[in-house]
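For reference, the structure is listed below as structure tokens.
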Amino acid sequence: MKFEQKTLLENEMSQPLAARLRPRSLEEFCGQKHLIGEGKVLRRIIESDKVGSMIFWGPPGVGKTTLARIIASSTKAQFIDFSAVTSGIKEIKQVMEQAEKSRLFGEKTILFVDEIHRFNKAQQDAFLPYVEKGSIILIGATTENPSFEVNGALLSRCKVFVLKALETAELCELLTRAITDERGFGGQKIEISSDIIETIASFANGDARSALSTLEMAVLNGDFDGKKTVVTQETVEQCTAKKSLLYDKTGEEHYNLISALHKSMRNSDPDAAVYWLARMLEAGEDPLYVARRVIRFASEDIGLADPRALELAVAAYQACHFIGMPECSVNLAEAVIYMSIVPKSNAIDVAYIRAKSDALGMLAEPVPLQIRNAPTKLMKELGYGKDYKYAHDYEERMTKMQCLPDSLKDREYYTPTEEGNEGKFKARLDSIKAWKKQA
């Protein structure tokens with residue numbers, strides 16, 4: 001008996017740290033307080049044993065599979081773990097038949113499908129009748145937007161819960177527990193500073209599995225003096241191959257690097273821009289943050305000199321959202337290099353700043369009567385909409401009707417440059433102004 005217990009313990013300890021520390025209850029679960037905090041919707045559903053079909057959508061390593069297992073252990077139902085990678089329609093039908101038999105005996109079956117987005121439409125449709133009649137409670141996990149990857153009929157029968165990337169503070173708490181927990185390194189003497197734990201947490205970029213794997217590698221490669229294992233910053237840098245690239249994403253270096261990227265693109269230097277992009281991404285920066293800054297740049301520094309810049313920037317953001325790191329690095333590189341080499345104009349940004357200044361100083365300036373709507377008889381009697389000229393009724397598709405308040409009559413905000421496509425818009429605007437002046 002003792003031999004069997006020892007073997008069982010050895011088997012458990014031979015598992016990766018992330019597997020050994022997998023939470024067994026909601027109390028041990030790290031993060032997702034918006035869903036499983038006290039009084040939150042998913043916690044109430046689990047504790048009342050009223051679990052229905054649902055989809056967990058979130059990035060890797062945030063607890064989708066773990067949460068499904070906790071639900072299984074907390075509810076009165078059979079639990080079947082099903083992989084979309086290794087299973088086809090034949091396996092689906094076999095599982096469904098088993099679940100249907102259990103239903104006839106009054107037993108519920110929870111079917112957990114990892115990476116449900118990998119199933120094609122026909123495979124997803126095979127679940128539908130069993131979900132509808134209650135043979136199974138389907139819990140799907142996906143890193144992809146279920147609106148695009150799960151067919152509508154199945155999705156409409158599932159509640160979608162969005163799981164978020166873990167905060168650095170939450171990961172620090174998890175790593176600290178791994179050092180002291182008997183299932184982790186609690187049986188050993190580990191010397192590791194809070195700064196190093198925070199470095200590992202920051203590097204993991206919201207992924208608990210990645211954080212625990214990095215910690216495990218750092219401990220296994222730490223300096224052992226016969227009594228304790230010491231984990232140094234150098235050890236962590238060697239394990240992550242990041243060295244000086246690691247940086248505090250809320251500190252000064254974070255802002256220095258995004259400034260360097262922005263100004264390199266503005267200065268039409270694609271080599272510098274892609275270098276600063278790589279510095280940020282390889283240090284663990286959120287690619288969506290970088291993508292948002294590129295979107296801003298497209299309008300602030302390029303604008304109508306190349307209207308496609310904004311389209312490409314938004315497309316890069318969507319690509320980052322769909323596939324994440326490291327694959328989306330090439331999408332961001334494409335966007336950053338494009339922004340660097342196309343013609344530049346800040347005319348759009350300057351126009352808004354000028355208009356904003358007047359708008360803040362004249363917030364009570366009335367809208368001219370001729371461009372107000374008049375949905376009621378009283379409004380019409382008060383002159384709302386009087387003398388309004390519908391541009392499409394005129395041959396030139398424009399009129400000389402005044403659209404600015406009297407105090408700002410003839411004020412100009414947008415002054416286009418000759419750069420790129422904006423040169424064409426400038427010529428068009430000049431002809432519009434000339435016609436209105438002549439008219």
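The values are calculated or read from the model by the stated rules, or taken from the named source; none is laboratory data. Predicted model, so just to flag it, every value in this text is computed and none were measured. Here the Cβ is made from the backbone with ideal geometry for all residues, glycine too, and neighbour counts use every protein chain on show. All accessible areas refer to the heavy atoms of the entire protein, side chains included, with ligands and DNA or RNA removed. Shrake-Rupley method; radii C 1.70, N 1.55, O 1.52, S 1.80 Å.
Values for this structure:
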{"item": "Stokes-Einstein D (µm²/s) once Rh is taken as the Kirkwood radius of segment 142-192 over alpha-carbon pairs, at 4 °C in 1.567 mPa s", "result": "91 µm²/s"}
{"item": "Mean ellipticity per residue at 222 nm, deg cm²/dmol - from DSSP H runs of n ≥ 4 across the chain, formula -39500 (n - 2.57)", "result": "-15500 deg cm²/dmol"}
{"item": "Unsatisfied cross-links (Cα-Cα over 26 Å) in the set Lys40/Lys64; Lys400/Lys426; Lys101/Lys164", "result": "Lys101/Lys164"}
{"item": "Mean separation of Cα contacts under 8 Å, 6 or more apart, over the residue count of the chain: relative contact order %", "result": "11 percent"}
{"item": "Bins of 10 Å from zero: percent of alpha-carbon pairs in segment 315-407", "result": "13, 20, 23, 17, 20, 8, 0"}
{"item": "Cα-centred dipole magnitude for the chain, charges only on beta-carbon of K, R (+1) and D, E (-1), debye, nearest 20", "result": "1620 debye"}
{"item": "Cα-based reach from Lys263 at 19 Å (exclusive), listing aspartates and glutamates while leaving out same-chain residues under 8 positions away", "result": "Glu252, Glu253, Asp271, Glu285, Glu300, Asp301, Asp306, Glu334, Asp349, Glu419"}
{"item": "Full-extension gain in nm, Gln438 to Thr180, via 0.36 nm per residue minus C-alpha separation", "result": "84.7 nm"}
{"item": "Spherically averaged projected area in nm², based on the convex hull that wraps the Cα atoms of the chain", "result": "32.6 nm²"}
{"item": "Percent accessible area from carbon and sulfur atoms, the chain, protein chains only, probe 1.4 Å", "result": "53 percent"}
{"item": "Kirkwood-based Rg to Rh ratio, segment 143-295, C-alpha trace", "result": "1.08"}
{"item": "Dmax and Rg, reported as Rg then Dmax, of segment 44-200 (C-alpha, Å)", "result": "18.4, 56"}
{"item": "With Cα atoms, 0 to 90° folded angle of helix 252-266 axis to the chain main axis", "result": "40 degrees"}
{"item": "Span per principal axis, largest first, for the Cα atoms of segment 311-367 (Å)", "result": "51, 26, 15"}
{"item": "Cysteines not pairable in the chain (beta carbon separation under 4.7 Å absent)", "result": "Cys30, Cys158, Cys172, Cys239, Cys403"}
{"item": "In nm, spacing of pseudo-spin labels at Glu327 and Asn221 (7 Å Cα→C-beta vector)", "result": "2.7 nm"}
{"item": "In degrees, nearest ten, helix 270-282 long axis to first principal axis of the chain (Cα)", "result": "30 degrees"}
{"item": "Between 0 and 90°, nearest 10: helix 329-341 axis offset from the chain longest Cα axis", "result": "20 degrees"}
{"item": "Shape of segment 136-225, Cα gyration tensor, a/c cut at 1.5", "result": "prolate"}
{"item": "Proximal aspartates and glutamates relative to Lys227, as straight alpha-carbon distance under 14 Å, when same-chain residues fewer than 8 apart are discounted", "result": "Glu191"}
{"item": "Calculated FRET value between Arg428 and Leu408, using beta carbons and R₀ = 30 Å, to 0.05", "result": "0.85"}
